[in-house]
1. Charges only on Cβ, +1 for Lys and Arg, -1 for Asp and Glu: so what's the dipole of the protein assembly as shown about the Cα centre, in debye to the nearest 20?
2. Any idea which of B:Val435, B:Ile464, B:Val355 is furthest toward the positive side of the dipole for chain B, if Lys and Arg beta-carbons carry +1 and Asp and Glu beta-carbons -1?
3. Neighbour counts of other C-beta atoms within 10 Å: give me B:Lys242, B:Lys368 arranged from fewest to most.
4. Express in whole angstrom the spacing between the alpha-carbon centres of the stretch A:179-201 and the stretch B:139-211.
5. Scan around B:Glu500 for amide H atoms under 5 Å from its own, H built in the peptide plane at 1.01 Å from N, and keep only partners 5 or more places away or cross-chain.
6. Arrange A:Val243, A:Val169 by Cβ neighbour counts within 10 Å, fewest through most, would you?
7. Please report the net charge: other residues with Cβ closer than 11 Å to the Cβ of A:Leu77, K and R +1, D and E -1.
8. Helix hunt in chain A: which complete DSSP H runs extend at least 18 Å axially by C-alpha with mean Kyte-Doolittle at least 0.0?
Protein chains: 2
Amino acid sequence: MKKYDNLVMNAAGRLVPGELNGKQVIPYMGVGKFIPDGRKYAPPISSCANYPSDGNKIVGSLREALEKCGLSDGMTLSNHHHFRNGDLIAIQVFDIAKEKGIKDLVWFPSASFPVQEPMTKYLEDGTINRIEGSMNGALGRFCSEGKMKGIGVLRSHGGRYQAIQDGDVVIDIAIIAAPSADAFGNANGVNGPAACGPLGFALGDSQYAHKVIVVTDNLVPFPCIPWQIHGNNVDYVVLVDKVGLPEKIVSGTTEITKSPDRLMIAEMTAQFCDEASIIYDGFSFQAGAGGTALSIGIYFSEILRKRKIKARFLRGGSNKYPVQMLEEGLVDYILDGQTFDLEGVRSMREDPRHVDTSPFTSYNYHGKGNFASMVDVAILGATEVDVNFNANVVTHSDGYLLHGIGGWQNCLFSKCTILPIPLFRDRMPVIRDKVTTLCGPGELIDVIVTERGIAINPLRTDLIDKLKGSALPVKTIHQLQKEAEEICGGKPANPRLGEEIVAAVKWVDGTVIDVVRRVISE
Amino acid sequence: MKKYDNLVMNAAGRLVPGELNGKQVIPYMGVGKFIPDGRKYAPPISSCANYPSDGNKIVGSLREALEKCGLSDGMTLSNHHHFRNGDLIAIQVFDIAKEKGIKDLVWFPSASFPVQEPMTKYLEDGTINRIEGSMNGALGRFCSEGKMKGIGVLRSHGGRYQAIQDGDVVIDIAIIAAPSADAFGNANGVNGPAACGPLGFALGDSQYAHKVIVVTDNLVPFPCIPWQIHGNNVDYVVLVDKVGLPEKIVSGTTEITKSPDRLMIAEMTAQFCDEASIIYDGFSFQAGAGGTALSIGIYFSEILRKRKIKARFLRGGSNKYPVQMLEEGLVDYILDGQTFDLEGVRSMREDPRHVDTSPFTSYNYHGKGNFASMVDVAILGATEVDVNFNANVVTHSDGYLLHGIGGWQNCLFSKCTILPIPLFRDRMPVIRDKVTTLCGPGELIDVIVTERGIAINPLRTDLIDKLKGSALPVKTIHQLQKEAEEICGGKPANPRLGEEIVAAVKWVDGTVIDVVRRVISE
């Protein structure tokens, strides 16, 4: 954390620093306003002369691989999060760093999970300077309380690829845990005991990191097909007993919601889409893997079935429900960034219409387009929304940083972004005058669906027109706010925050949209 | 062409310039001796803000696309050659350039074909300064006679990727003809009326070119799957009536040889591999699509079938014969760089074991390894071989540049490289004291198989030992040379060459291994 003397006000009216962890940064300038004029990051050129001609890059241990990669103070180390809470490798990397007395590392995961709580001890003892990536649960709490030496940097999945591609973050060593790999380093996530689906979150790491280590427990003879990760980018391969805990990688428990309120929100969301003419032959949608989102998918399926039409593609995270849609012929393709259950993994392995994607294809804002903006409707969550439709996904109303951004910011570019959210949580209204942390600008958020009504962003006059005369409870966001405040007995309390900045939130283009401040916890 | 005042002798004993077309170049230093210390090429960073959010990048015509890309004097324009002699697009690009009065372009195709002979008029009138790429037939003759303004640069497929990756060649505009594409620019070669298989030769172009145009006659709704080319790298999409002539893309006529001499060479090659223990359960091989090579594949199949073993992978160019092996279970995977008939295309479309590859995965010497060096045996051709096993694939013995390098140099890195060649052509011995043009250093060429005997490179004492006591006619290369000279009535004549350099041959690492001189034609 750091106390800054001078902050500047960005285009969203948030005070942000011009420097983070010793590196200059650009304050948020508005959606689509910052146009980069630089060059992509240029990694060192390799030569086959320095790699074994028989393609065998196996070394004896992760420690040996890290040593061969020149692990040293101040380096940036990356991991992907496809193993979710079943990851076994990230923590081993830092155990080794600690044993070797390495200091001031930057951990650059594509996301962190509760299983990585032990990282707090390395943040405390100086092995790790900071985490640049999502900090869920305990790690977020640690950061929020001002205990992290450096400043956390939160990026969306697309923003992470952008940062790697543009050289905002230079990865010294990428450690890629892989459910299957060959000795050359070709790897995939669809085969092996720890199968997790795609490995797309590690793609940018493999392309741009100076050194790349693939760790697997399922070594196959060359070629490991599909080669989601190309061995041509890999330096060393490490064979371990167990690369991940399958039962924690794929939960198998993701089910549609049974809560009557949530079911109502789901049904209203689907009906809204229908009345707004969003559901047509060839449409596309993105829904998360949460209970409400899954229920919306079920309603969509019913509509498609009834009308004998189909969706062109469904953007996942996938699990058995999207797979059922694919197999029933209700959708042509699943474009999948991560699979959440074994049915998803099986489908991706067997069905060429179930396509593995990466943040490069789906989300990178510094590409020549990405497909997030082509999705007809994206259904997302939020911890808070404000009366200008700005939304927060990383902090709770008490100021604690407890979630990552994931692909959320990137999905806001869909043709219609809907946030189906409860009107209040723990008797605290979710709609505020101003969100605690700004993650998504209101101009990109089109509709809020709550159990007590639907608010359409006034900018979307087209949607307002389409819903005229609807039986759906369309209200203004101020009406919804007022109802919530009446039920909860007033406006939500403001969090007690110090002046110190503990983390910064990047926008999809690498500019700083907001900061997270220290929570005064006593 | 150019007459140089000072040339330097490279590690192969060839006189080469230190500069080509105004750019400094490095003379060949020996196999694996030049270790690059630079950075990969860094293309400009793009922003989604500059691309249509609905993903529709279609413009009205190729001309419009080229204009939007800023087509202007001196630019480098690239094409791929997956359509082979059925290409319709490359010539249109330069027709447009000519109409617009553009001058001094560099044409950077992955290969050229006879259909592109009309390019000579643009080389004559100054629209095109030079071709950097293979020059087959008429274009090669044009270049050989000193009529090309600039100096041609010949690269292997892997060397072309290396040159793009390392920034030796900066592509201003890549024009990628695609049998299928969507409006976003995702493209593949496996579907559509002009299906040609993979599009791997255009991969590097799509990744590193400043501007990328996809041209197709088969527009499909997003997403075009498989997306061999990612729309995220594409600027414009052009829809045309016909992107290629299917009957000339896939010949469908590639058949095993019927010539008794060639059949004997094929059989001897297969038997040699067998006696040298190269054929084992899990081995791999690369054979071309020529009649002799195909016949060798047939012999390999018989051996595999008889022993009830299988190959792990087969490196193609594929056609119906490798596909039969795959479907019969004689090989686990085809790693395919280009398909030569409709059976190859069908197999790649339908069978996930028939994998499309690119020069990045297969050949790029400036990667962290590539799989060419993992192939157990590569069977290649040559126009000439010399007594030190050096070989030539680009010029004929009369000095004319008539062929490209293809993947030939890259394949030399296989564990065993065999050249099955006739002892003489047109009553001219193929084995010379010194090859006219050096394309592959002798240390990488292990075995020469001719109709009158087999010569093993003295460096391969292991192979010589294995063949001791063999019934095969193992001889020295000098013996073979002598026999050929006796039959033909002496050594082959030397070509009549001028001093001017018309083209340079790059080694896989970007250094200059040899030059091609003007042929005195009168």
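Computed from the coordinates by the stated procedures, all read-outs in this text should not be read as laboratory data. Quick caveat: nothing in here was measured; it's all calculated off a predicted structure. Here the Cβ positions follow ideal geometry from the backbone for every residue, glycine too, while neighbour counts run over all protein chains shown.
1. The dipole of the protein assembly as shown has a size of about 460 debye.
2. B:Ile464
3. Ranked by crowding around the Cβ, least crowded first: B:Lys242, B:Lys368.
4. The stretch A:179-201 and the stretch B:139-211 have Cα centres spaced 31 Å from each other.
5. For B:Glu500, the qualifying residues are B:Arg518.
6. Final ranking by Cβ density, sparse to dense: A:Val169, A:Val243.
7. -2
8. A:291-307
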